[in-house]
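K.L.:
My questions all concern the structure below.
The values are calculated or read from the model by the stated rules, or taken from the named source; none is laboratory data. Since we're looking at a predicted model, the values are computed, not measured. Backbone-built Cβ (ideal geometry, glycine too); neighbour counts: all protein chains shown. Heavy atoms of the whole protein, side chains included, go into the accessibility calculation; ligands, DNA and RNA do not. Shrake-Rupley method; radii C 1.70, N 1.55, O 1.52, S 1.80 Å.
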Amino acid sequence: MAGDHGEPIAQYIAVGGYLVANNLSANAHGNGYADPNIYVSGALGSVTTDGGAFNVLEGNHALNLAATYGLRPQLNRFLTLTGDDRDADFAAGFSPTNPAKREWLAVDANYGNGLMKRLEHRKQFKWNALRVLDPGKHEITLFSLGYWASRMRVT
């Protein structure tokens, strides 16, 4: 999602009871840029939107839209391989068999040329991980994510 030329967008990750901002100013107009591509799709549990939000902490990033992505507290194990003549995608999710342990890891790898006529030779890797600790009076939620991509256009 790109908030460009008068379409500011804010994006948040709900980690425990805290909202982590995932948007940056992208241009001289001060509008925001938010990219949901950092998530492994199996890690998402919910998405909520607010059509008229304003975030005083982040500036006017959310005048037109705010989206909050919620994470799954528990993840069912999965392994997915999809592809066609242009792309190949691999995703996997791991979690303990004991549902009382709230922790999981999800990974995703994408290779291919996309839908454009010109070949892109795209590679994209990402991980999302969650661990909830409950030492007594307080609950501590740890969330980690990583994203790396490269693309080489061939003319």
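K.L.:
Across region 43-68, which residue is farthest from ALA106 (Cα to Cα) among those that are in contact with a Ser or Thr (Cβ under 9 Å, 6 or more places away or on another chain), modelled with pLDDT of 55 or more and open to solvent by less than 20 Å² (accessible area, probe 1.4 Å)?
P.N.:
The qualifying residue farthest from ALA106 (Cα to Cα) is ALA66.
Residues checked against (1) more than 30 Å from ARG151 (Cβ to Cβ); (2) in contact with a Cys (Cβ under 7 Å, 6 or more places away or on another chain); (3) open to solvent by 30 Å² or more (accessible area, probe 1.4 Å):
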site: ALA88; (1), (2), (3): no, no, yes
site: THR97; (1), (2), (3): yes, no, yes
site: ARG102; (1), (2), (3): yes, no, yes
site: ALA106; (1), (2), (3): no, no, no
site: GLY114; (1), (2), (3): no, no, no
site: HIS121; (1), (2), (3): no, no, yes
site: ASP134; (1), (2), (3): yes, no, yes
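K.L.:
From the residues in region 119-154 that are out of contact with any Ser or Thr (no Cβ under 6 Å at 6 or more places or on another chain) and of a type in the set (Gly, Ala, Ser), which one is nearest to LYS101 (Cα to Cα)?
P.N.:
The qualifying residue nearest to LYS101 (Cα to Cα) is GLY136.
K.L.:
How about region 1-40: which of its residues are open to solvent by 60 Å² or more (accessible area, probe 1.4 Å), modelled with pLDDT of 85 or more and aliphatic (A, V, I, L, M)?
P.N.:
Across region 1-40, the qualifying residue is only LEU19.
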